[in-house]
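*Asks:* Handing you a structure now.
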Amino acid sequence: MLAIEELPSIGVTRALMRNQLRAQRWVRRSDRVVSTTTGELTRGQLMWLGVLHAGNDALVGGLTAASVHGLRNWERDDVTILVPDAWSFDPVPGLSFFRTRRPLGILRATHSPHGALPVCRLEPAILLFGGYDRSPRTAQGVVAACVQQRLTSPDLLRDWVVRLRPLRRSRLFQRALLDIEGGAQSLSEIDVRRMCRQAGLPLPARQRPRRDRDGRLRFTDAEWRLNDGRVVVLEVDGGFHADVEHYEDDMKRQRRLTTRDRVIVRCGAFELRHDPESVAADLRALGVGRLSA
């Protein structure tokens, strides 16, 4: 990937560029960038197209930067490029430009996993993405995912929430980080903790290792031990649990973890989010007690 304005510095004349394009050995990818290869661009080449098209100060940002730093399962089709707010240029298919007034120099990662590719640091990349994404749920989820995957820590994220002021949804991020520090490392765990606080229920033990009847190690989402020695387990089903194969696996898992002293109940992530009172009432009916005043 080559920036057209930089071609003279490497000895490539405009005439040579036109000849290569005419012979279809090179491809013009935008009004500012050509590639010396043909065919569909790789993800890495698309990132370079973005920063070269936008200019020297541009950075790979958002979820694209997070994936470069190792975040899994949060990919998006478009590549996000951070650019200064005042800049103006033509759009490019496959690229999404995010304008910011913040100095890009302080956001740039000192060591890019892709060598010389200018990439935003992980923490500001996900906080800026989350601050301006349409869904607050997505904003919380990506922060939790980065901590869960051990790419960053609540302390580093909290420091960047302060450094990025004014930052949209900063209070939401601070609340989510408190939950994460309390042990919640996924969106469903944050929802369970929020439900417990609102309903006056004790916080559960989370991700407790249990052996099923086949001897296989399982981890439960949330557990409460009752005064009579019984254990109530709440399993939160995400959207993929509706798939037939996953649904059957979950039923088998529930049967094999259930014992005389261990009661397992399930709820959907949508119900937990939009009707937590109902879930809390069912837990209370099973013996999960209120917090003492």
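*Asks:* Subtract the Cα-Cα distance of residue 12 and residue 256 from 0.36 nm times their separation in residues, and report this length gain in nm to one decimal. Walk me through the numbers before you get to the answer.
*Replies:* Working: separation 244, 0.36 × 244 = 87.84 nm, distance 6.86 nm.
Result: 81.0 nm gained on full extension.
*Asks:* Given H placed on each backbone N at 1.01 Å, which residues far from residue 262 in sequence or on other chains put an amide H within less than 5 Å of it?
*Replies:* 231
*Asks:* Of the beta bridges DSSP finds with both residues in the chain, what % are antiparallel, to the nearest 5?
*Replies:* Details: 19 of 33 bridges.
The answer is about 60 percent antiparallel.
*Asks:* Most fluctuating residue of 190, 106, 81 in a GNM of the chain with Cα springs under 10 Å: which is it?
*Replies:* It is 106.
*Asks:* With springs only between Cα atoms under 10 Å, which of 54, 15, 109 fluctuates most in a Gaussian network model of the chain?
*Replies:* Checking each option, the largest mean-square fluctuation is seen for 15.
*Asks:* Also: Based on a Kirkwood Rh over C-alpha pairs, give the Stokes-Einstein translational diffusion coefficient of region 100-233 at 4 °C and viscosity 1.567 mPa s in µm²/s.
*Replies:* 77 µm²/s
*Asks:* Taking 7 Å along the Cα-to-C-beta vector as the label spot, tell me the residue 216-residue 90 distance in nanometres, rounded to one decimal.
*Replies:* Distance between label points: 5.5 nm.
*Asks:* When Lys and Arg each count +1 and Asp and Glu each count -1, what net charge do the other residues less than 12 Å away from residue 76, Cβ to Cβ, add up to? Provide the component values of the computation, followed by the final result.
*Replies:* Working: positive: 43; negative: 75, 77, 78, 133.
So the surrounding residues net to -3.
*Asks:* At q = 0.09, 0.12, 0.22 Å⁻¹, what base-10 log of I(q)/I(0) does the Debye formula yield for region 59-173 when every alpha carbon is treated as an equal point scatterer in vacuo?
*Replies:* Debye output, listed in q order: -0.21, -0.38, -1.39.
*Asks:* What is the magnitude of the charge dipole of the chain about its Cα centre, with +1 placed on the Cβ of each Lys and Arg, -1 on the Cβ of each Asp and Glu, and no other charges, expressed in debye to the nearest 20?
*Replies:* Numbers: 47 positive and 35 negative charges, 97 e Å.
Its charge dipole is roughly 460 debye.
*Asks:* Please calculate how many Å² of accessible area the chain carries per residue, with a 1.4 Å probe and no DNA, RNA or ligand atoms counted. Kindly include the intermediate steps, with their values, before the conclusion.
*Replies:* Details: 16020 Å² over 293 residues.
That works out to 55 Å² per residue.
*Asks:* In a GNM of the chain with a 10 Å cut-off on Cα contacts, which of 215, 130, 50 has the highest mean-square fluctuation?
*Replies:* Greatest mean-square fluctuation among the candidates belongs to 215.
*Asks:* For residue 286 and residue 249 in the same chain, what is the full-extension length gain: residue separation times 0.36 nm, less their Cα-Cα distance, in nm? Could the numbers behind the result be given before it?
*Replies:* Numbers: separation 37, 0.36 × 37 = 13.32 nm, distance 2.47 nm.
The residue 286-residue 249 span can extend by a further 10.9 nm.
*Asks:* Could you work out how far the C-alpha centroid of region 177-235 sits from that of region 134-157, in angstrom?
*Replies:* 20 Å
*Asks:* Continuing with the same structure: Please figure out what share of the DSSP beta bridges in region 8-167 is antiparallel and state it in percent, rounded to the nearest 5.
*Replies:* Counting only bridges with both partners in region 8-167, antiparallel ones make up about 45 percent.
*Asks:* May I pose another question? Among 140, 96, 107, pick out the residue whose Cα is farthest towards the positive end of the charge dipole of the chain, where Lys and Arg carry +1 and Asp and Glu carry -1 on C-beta, about the Cα centre.
*Replies:* 107
*Asks:* Next question. How large, in percent, is the carbon and sulfur part of the accessible surface of the chain at a probe radius of 1.4 Å? Write out the running numbers ahead of the final one.
*Replies:* Working: 7760 of 16020 Å².
Exposed carbon and sulfur together represent 48 percent of the surface.
*Asks:* Starting from the Cα of residue 31, step 7 Å along the direction of its Cβ; do the same at residue 163; then give the gap between the two resulting points in nm.
*Replies:* With each label placed 7 Å out from Cα toward Cβ, I get 3.5 nm.
*Asks:* What spacing in nm lies between the two simple spin-label points modelled at residue 21 and residue 110, each 7 Å away from Cα in the Cβ direction?
*Replies:* Placing both labels 7 Å along Cα→Cβ, they lie 4.1 nm apart.
The values are calculated or read from the model by the stated rules, or taken from the named source; none is laboratory data. None of these values were measured; they are calculated from a predicted model. Neighbour counts are summed over all protein chains in view; Cβ atoms, including those assigned to glycine, are modelled from backbone coordinates with ideal geometry. Just the protein is used for accessible areas: all its heavy atoms, side chains included, with ligands, DNA and RNA removed. Shrake-Rupley method; radii C 1.70, N 1.55, O 1.52, S 1.80 Å.
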